[in-house]
1. Scan the stretch A:155-167 for residues that are within 13 Å of chain B (Cβ to nearest Cβ) and free of Cβ contacts under 8 Å to residues at least 24 places away in the same chain and jot them down.
2. Filter the stretch A:205-262 down to the residues that are within 16 Å of ligand 1 (Cβ to nearest atom), facing chain B (nearest Cβ under 7 Å) and touching a strand residue (DSSP E or B) at 6+ places or on another chain (Cβ under 6 Å) and list them by number.
3. Kindly indicate the residue of the stretch A:263-276 that is more than 16 Å from ligand 1 (Cβ to nearest atom) and at the interface with chain B (Cβ under 7 Å from one of its Cβ atoms) and also farthest from residue B:432 (Cα to Cα) among those meeting that condition.
4. Looking for something away from ligand 1 (no atom under 16 Å from the Cβ) and within 30 Å of residue B:367 (Cα to Cα) - is there at least one such residue anywhere in the stretch B:42-59?
5. Looking only at the stretch B:348-374, which residues are outside any loop (DSSP other than H, G, I, E, B) and free of Cβ contacts under 8 Å to residues at least 12 places away in the same chain?
6. Among (1) within 30 Å of residue B:242 (Cα to Cα); (2) more than 13 Å from chain A (Cβ to nearest Cβ); (3) part of a loop (DSSP other than H, G, I, E, B), which single condition is residue B:192 missing?
7. Quick one: which of A:257, A:251 is on the phi < 0 side of the Ramachandran plot and in contact (Cβ under 8 Å) with a residue 40 or more places away in the chain?
8. Which one is nearest to ligand 1 (Cβ to nearest atom), of the residues in the stretch A:158-173 that are at pLDDT 85 or above and outside any loop (DSSP other than H, G, I, E, B)?
Ligand code: SF4
Ligand code: SF4
Ligand code: SF4
């Protein structure tokens, strides 16, 4: 362990830890827009600069390791001045539509401009303007809002390992895009949406969550109902309806990752085609019935079958899609209520 | 899986056989790709040129259905070269001699002939797999959905035991379960031969335990498995069936036979969230709740039991699955179904299932727990078989290669295999407009060589027929499949591939041979194509 002092607070950190991480672990928030613990270091936004006693150069805390006896200051006037300049530059070259931006409320740029009091960009030059890429059904790209932090590029290369997007050009024309600047769709992208999660601004948006303000939703953590990987995520609930999915970094299997199914499936919950009443077939047609009528009919029929032909004339298919509790009760019903072991499920599909 | 998903990235060698993980288990697939990115080595054994095949150190596009021969051939080389783990075999396994005898016959030359993989690549594969202790085997349906599925799984166990790749971190044999809770449904005893926790229904001791616990006399005989249920229904011996949340008409092989069997029942009850193809045949349909509307637990493929939490109320009058079942059970006179919530059921699961005994809703709240977890102090078990196997010594059972049940012939010259793809999951996801609009229809994969021969172009509608049925589908032309092969998914009811598939079953698990059916492909007239689209 290494001992150092940050903002007058004595802390201990593991050798090989970056100053930024050590500070965060101790509740000291150093701002950044391009750093993510799970991704390689980019050191591009320079917002995480700090002052270290005995050196007159500012250093980027996301890429400098802790050293024994180090004395670090994270909010000195010099540091704050640099941060303001960077934010001013970024915001000057950014659309001024925060009021209607989908990201408002959980935007990294907005948060930091608020924290450092940037009201308006002071550089009144040309602001970049790109067409919005919205041809696929789940994700929207507005490169005018991109601050070139490169998180999406790294997530796609390092976590999703697909390499759909990369930087092109330099200087003012620099942007993040796909090969040949094609729109994003299923041919060049896995639609996992991990870049959306990584993006600090409104440049990448989950279309399903458009029109939903982040503070309006209640989040309920649950387990994905699709493949056997068992990812966790948060169902976003507004007014008693599931409106979409966001990842939950505490998930033991998947962390912040999700695949296309986990992220975008949730509209099926509100499908018009859901069954809402018991149905009984009469003369070859389904008619809606009360629970009482349907349950009575099923119980009578099954009881009659059991008592006439024996329990083994009844079989049951349980479900690999239902929860353990449902499966437990299902096999118990077959064994205890009907006296048969004729229970199986599609384990084999 | 014997090992945890978190270990995947640090396997130095990943032996991936018949698993298109980046489509079927995307997040595990990503971890495999990350392993490759770090410099770890992938051996990918798959007739299709999958995304993982692209990243593999060794890609073995073997002939479909020849897995057993391949694995025998690898073991042959390993033993000949002395790369096996003699100590592990000596201390922890029995039956080695029997395996030895069988693999003796699988010379590289013969195996190359059967599988279509060169001797040189076989040799390199054997060498790479045995080059480190941190080598795990990963497989999914590709290997179990053959008539020889059980044998294939046993043979992979043989390979892992032969080389001592078990009971260690970053190694093991890792089946990746298809549906989200297959592991849990099996653990819960939704099987004709076991009570919860794999306690055999024919074992007197377990029988007695459950009879005492539930206070009833239990049936001492194994029950019917799905294909037998269907056969017996068709024969008129099974009179009634209760189906919860499954759609065998669409997902089981030889759909026409399934429909016939279900139609022959006196009474069919289906409990589901949508009016599935199976539900359409029912006498009574109960509306159930989906996962977002209920509390409970799922058990994933690494045996991790995790919480499912109710986020919203279900629509209309739908009810919780377990509460419908409990109500039916009570009405036919059964006792012990007075549950007030899912946690009470979980408490009964704990009490009857030794590997779940140490779990509570409270303990699994944040991170879940991996079974076995026998006591409330036990931290759960990330990887299995450390030190000992549950049955003492690991039994090695030799496996002979058998030809697939159905081979191509002049009339049906193309080998059709089926599987999953990224954007859909069985059939439920089709109800998500978002997901459906990414991939709204089937695109059967066919090699450019065959497409050219038949004069078929991209996204053209064709007729695909087997000995059992005939369907229409659009095609996509791709080198992912070899000439003479075709690949389709079972996600689309408009192109119900299981009308074509073969219902020849594995004799032990009764898994159908979804992977291989012989088919023919024909062009269709413009009118028929237009009507289909
Ligand atoms: S959605 Fe996934 S695959 Fe597509 S660009 Fe974003 S991170 Fe890459
Ligand atoms: S799109 Fe978002 S994540 Fe990507 S570089 Fe721009 S701001 Fe960063
Ligand atoms: S999010 Fe994707 S990978 Fe994860 S459990 Fe769901 S379907 Fe599987």
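1. The answer is A:157, A:161, A:163.
2. The answer is A:208, and nothing else.
3. Residues of the stretch A:263-276 more than 16 Å from ligand 1 (Cβ to nearest atom): A:266-276.
Of the ones still in play, those that are also at the interface with chain B (Cβ under 7 Å from one of its Cβ atoms) are A:267-269, A:271, A:273-276.
Numbers: A:267: 5, A:268: 4, A:269: 8, A:271: 7, A:273: 11, A:274: 11, A:275: 15, A:276: 18 Å.
Looking at residues that are more than 16 Å from ligand 1 (Cβ to nearest atom) and at the interface with chain B (Cβ under 7 Å from one of its Cβ atoms), I get A:276.
4. Of the stretch B:42-59, the ones away from ligand 1 (no atom under 16 Å from the Cβ) are B:42-50, B:53, B:56-59.
Filter again for within 30 Å of residue B:367 (Cα to Cα), leaving B:42.
For the stretch B:42-59, residues away from ligand 1 (no atom under 16 Å from the Cβ) and within 30 Å of residue B:367 (Cα to Cα): present.
5. B:348, B:350, B:362
6. If we test residue B:192 against (1) within 30 Å of residue B:242 (Cα to Cα); (2) more than 13 Å from chain A (Cβ to nearest Cβ); (3) part of a loop (DSSP other than H, G, I, E, B), just (2) comes out false.
7. Answer to the check: A:257.
8. Initial filter on the stretch A:158-173 (at pLDDT 85 or above): A:158-168.
Subset that is outside any loop (DSSP other than H, G, I, E, B): A:158-159, A:165-168.
Numbers: A:158: 10, A:159: 8, A:165: 5, A:166: 10, A:167: 13, A:168: 14 Å.
Filtering first and then ranking leaves A:165.
The values are calculated or read from the model by the stated rules, or taken from the named source; none is laboratory data. Remember, it's a predicted structure, so these values are computed and weren't measured experimentally. Positions of Cβ are generated from backbone atoms using ideal geometry, with glycine treated the same way; all protein chains shown enter the neighbour counts.
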